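Everything below concerns the one structure shown next.
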Amino acid sequence: MEREIREFIGYLHNTRKSSSNTEVSYQRDLRKMAAYMNVQGIKSITEITEADLQGYLDYMESESFAFSTISRSVASIRAMFQFFYKEGRIETNPAERLKSPRVEKRTPEILSVEEVDRLLAQPKLDTPKGLRDRAMLELLYATGMRVSELLHLQTTDVNLPLGYVICNENGKERIIPIGSLSQMALREYLGRARGVFVKDEKETALFTNCSGKPMSRQGFWKVLKGYADGAGIKRDITPHTLRHSFAVHMLQNGADVRSVQEMLGHSDISTTQVYLSMDTVKMRDVYMKAHPRH
């Protein structure tokens with residue numbers, strides 16, 4: 001996608017006579033979008049759909065990007081796709097109906113520790129599917145990684161003897177420690193379940209579907225939704241809810257912000273600091289439940 005971005009920037013420079021600041025801003029926004037799409041396995045602008053672009057905006061919102069940053073990215077994306085549509089390079093314009101998010105931001109949905117325990121207790125451990133699902137859920141909550149990162153893990157990214165996983169994001173590598181429960185869940189999945197699904201020795205994906213192919217986001221979403229219903233969690237939780245819950249629970253139990261920032265892979269600590277305010281929410285809930293004259 002880099003070639004298309006350079007072509008569009010060349011159009012801005014030569015035809016639109018844009019300022020250098022504008023060109024730098026557009027290029028930065030579009031490269032971030034391209035990096036996200038690359039992680040999703042999308043290499044060309046001709047493959048990008050409206051749903052893919054909306055998924056990128058949802059990702060930016062979930063990562064607490066500033067409203068101004070997301071709005072500017074929407075403008076950059078719309079401009080590039082409009083250019084290629086007019087040039088006849090794409091048949092439809094997936095960015096035509098793309099809209100900036102609302103200014104107001106909702107407080108991230110957080111599960112209580114008790115709700116997490118109920119959720120993680122749902123998979124049935126007498127089946128390969130249950131062992132796989134428990135390993136996925138345990139690892140997601142143990143590390144706070146994004147679901148896309150979880151599903152891109154390879155078997156070689158897991159080091160059980162030393163207790164860590166290697167997470168690769170947009171060419172950046174970070175090492176995240178994992179605790180004894182997630183280590184045990186992974187060990188049992190690798191030893192007793194993965195081989196039931198995977199018959200192709202060339203398949204290196206850590207988590208696969210029942211056909212032995214890499215697990216999809218949609219597949220994992222269905223898994224999570226089913227277990228959330230089984231756990232009696234009535235709220236509309238998403239895979240990112242476990243990431244939010246990981247961050248808040250770590251901070252509430254004494255972890256420092258810098259360490260949580262590193263584990264989450266946030267480039268800006270202000271993104272991580274959003275979770276500090278969740279302590280205030282917890283304190284208010286405790287107050288409302290316990291104070292006799294609330």
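Whole-Hz Karplus values for region 21-29 come out as 5, 5, 5, 5, 5, 4, 5, 5, 4 Hz, taken residue by residue from phi with 6.51 cos²θ - 1.76 cosθ + 1.60 and θ = phi - 60°; glycine and proline positions read x.
For region 1-153, with all protein chains in place and a probe radius of 1.4 Å, 49% of the accessible heavy-atom surface sits on carbon or sulfur. Ranking Asp117, Asp133 from most to least accessible surface, computed with a 1.4 Å probe over the protein chains only, gives Asp117, Asp133. Given R0 = 22 Å, the distance between the Cβ atoms of Asp58 and Lys234 translates into a calculated FRET efficiency of 0.50.
In debye, nearest 20, what is the charge dipole magnitude of region 48-158 about its Cα centre with +1 on Lys and Arg Cβ and -1 on Asp and Glu Cβ, if you could check?
I would put it at about 360 debye.
Ranking Gln54, Pro123, Ser73 by Cα position along the charge dipole of region 1-145, where only Lys, Arg, Asp and Glu carry charges on their C-beta atoms, puts Ser73 farthest toward the positive end. Each label point was placed 7 Å from the Cα along the Cα-to-Cβ direction; for Asn14 and Asn38 their separation is 2.5 nm.
Going through the cross-link list Lys129/Lys222; Lys43/Lys225; Lys124/Lys225; Lys32/Lys86; Lys32/Lys172, which pairs have a Cα-Cα distance over 20 Å in this structure?
Numbers: Lys129/Lys222 13 Å; Lys43/Lys225 30 Å; Lys124/Lys225 15 Å; Lys32/Lys86 23 Å; Lys32/Lys172 13 Å.
Correct reply: Lys43/Lys225; Lys32/Lys86.
Dipole magnitude for region 37-88: about 240 debye, using +1 per Lys or Arg Cβ and -1 per Asp or Glu Cβ, origin at the Cα centre. The charge dipole of the chain, taken about its Cα centre with unit charges on the Cβ atoms of Lys, Arg (+1), Asp and Glu (-1) only, comes to about 380 debye. Pick from Ala79, Ala247, Ala228 the residue whose mean-square fluctuation is largest in a GNM of the chain, springs joining Cα atoms under 10 Å. Checking each option, the largest mean-square fluctuation is seen for Ala79.
For Lys129, the shell of other residues with beta-carbons less than 14 Å away shows a net charge of +3, using +1 for Lys and Arg and -1 for Asp and Glu. Near Gln154, the amide H atoms lying under 5 Å from its own belong to Leu206; only residues 5 or more places off or on other chains count, and H is placed 1.01 Å from N. Considering only Ala95, Ala121, Ala51, the mean-square fluctuation computed in a Gaussian network model of the chain, springs between alpha carbons under 10 angstrom, is largest for Ala51.
The values are calculated or read from the model by the stated rules, or taken from the named source; none is laboratory data. The structure displayed is predicted, hence computed values, not measured ones. In this analysis, Cβ positions are derived from the backbone assuming ideal geometry, glycine residues included, and neighbour counts consider all displayed protein chains. Just so you know, the surface numbers come from the protein's heavy atoms only, side chains and all, with ligands and any DNA or RNA stripped out. Shrake-Rupley method; radii C 1.70, N 1.55, O 1.52, S 1.80 Å.
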